[in-house]
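The values are calculated or read from the model by the stated rules, or taken from the named source; none is laboratory data. Being a predicted model, the structure only gives us computed values, none of them experimental. Reconstructed Cβ throughout: ideal geometry from the backbone, glycine too, with neighbour counts over all protein chains shown. When the accessible area is computed, the model is the full protein with side chains, heavy atoms only, and any ligands, DNA or RNA have been set aside. Shrake-Rupley method; radii C 1.70, N 1.55, O 1.52, S 1.80 Å.
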Amino acid sequence: MYEKSIELLNRAVGDELAAVHQYMYFHFHCDDWGYDLLAGLFRRTAIEEMGHIETLAERVLFLKGDVKMKAAAEVQQVEDVRQMLEIARQMEEDSAREYNLWANECSTNADSVSKKLFEQLVADEERHYDQYDIEVENIEKFGDRYLALQSIERSKNLGGGG
Ligand SMILES: [Fe+2]
Ligand SMILES: [Fe+2]
């Protein structure tokens, strides 16, 4: 009866896993370069996506399915910050769109709890989208100076200067 819901919830787990892997990859590089603000944003978002996986997994098990822990995509090995943010923003947009559709599908199948779950995720993904969008705008506005400033902040904090 809940087979379709289980399938959709597992697809979402795959998307979320891909996001966790991708954002952590971005986090490692931004951290390495000293871009603390962006490194922190990617890390915090990855942790939130992990929370999404947990919520989805709990629902799958409640419906007597099993969790397929299979990432929907490979990590894109991108090392350009602007491109990173654009990829992240796109991933959030795609997730929000899918989850909206899947909420409707669960509703059609009379699974209101999964529907509500997807709706809650949409709200989070829209917020993530917005956060990445702001950073894309900052880079467009300030370019490399924006990144340089983050590195300088890191140095100040490490060196105790300023
Ligand atoms: Fe998510
Ligand atoms: Fe997200």
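Over 31 Å apart at the Cα level, from the set K68/K115; K68/K141; K116/K141; K70/K116, are K68/K141; K116/K141. Neighbours of E48, meaning other residues whose beta-carbon lies under 13 angstrom from its beta-carbon, give a summed charge of -4 when Lys and Arg score +1 and Asp and Glu score -1.
Tell me, what is the FRET efficiency for R97 and K64 to the nearest 0.05, using R0 = 25 angstrom and their Cβ-Cβ distance as r? Rounded to the nearest 0.05, the efficiency is 0.30. Computing Rg and the Kirkwood Rh from the Cα coordinates of segment 49-115 gives a ratio, Rg/Rh, of 1.06.
Rounded to two decimals, what ratio of Rg to Rh does segment 75-162 give with C-alpha atoms and a Kirkwood Rh?
On the way: Rg = 18.5 Å, Rh = 15.3 Å.
Taking Rg over the Kirkwood Rh, I get 1.20.
Between R11 and A110, the contour length at 0.36 nm per residue exceeds the Cα-Cα span by 33.7 nm.
With only the Cα atoms considered, the chain has a convex hull volume of 103 Å³ per residue. Dividing the summed -39500 (n - 2.57) terms of all DSSP H runs of n ≥ 4 by the residue count of the chain sets its mean residue ellipticity at 222 nm at -29500 deg cm²/dmol. Dividing the mean sequence gap of close Cα pairs (under 8 Å, 6+ apart) by how many residues the chain holds gives a relative contact order of 27 percent. Between F142 and E79, the FRET efficiency from the beta-carbon distance, with R0 = 22 Å, is close to 0.65. In this view, the solvent-accessible surface of S112, computed with a 1.4 Å probe and all protein chains in place, comes to about 80 Å². For segment 110-149, backbone nitrogen atoms closer than 12 Å to the point 7 Å from L37 Cα along Cα-to-C-beta are found at 134-149.
Using only alpha carbon pairs under 8 Å that are at least six residues apart, calculate the relative contact order of segment 1-66 and give it in whole percent. Show your work: numbers first, answer last.
Details: 54 pairs, mean separation 30.2, N = 66.
In percent, rounded to a whole number, it is 46.
Would you list, by chain and number, the aspartates and glutamates whose Cα falls below 15 Å from the Cα of K64, excluding same-chain residues fewer than 8 positions away? Partners within reach: E3, E7, D111. Per-residue SASA remark: L37, around 90 Å² accessible (1.4 Å probe; ligands, DNA and RNA not included).
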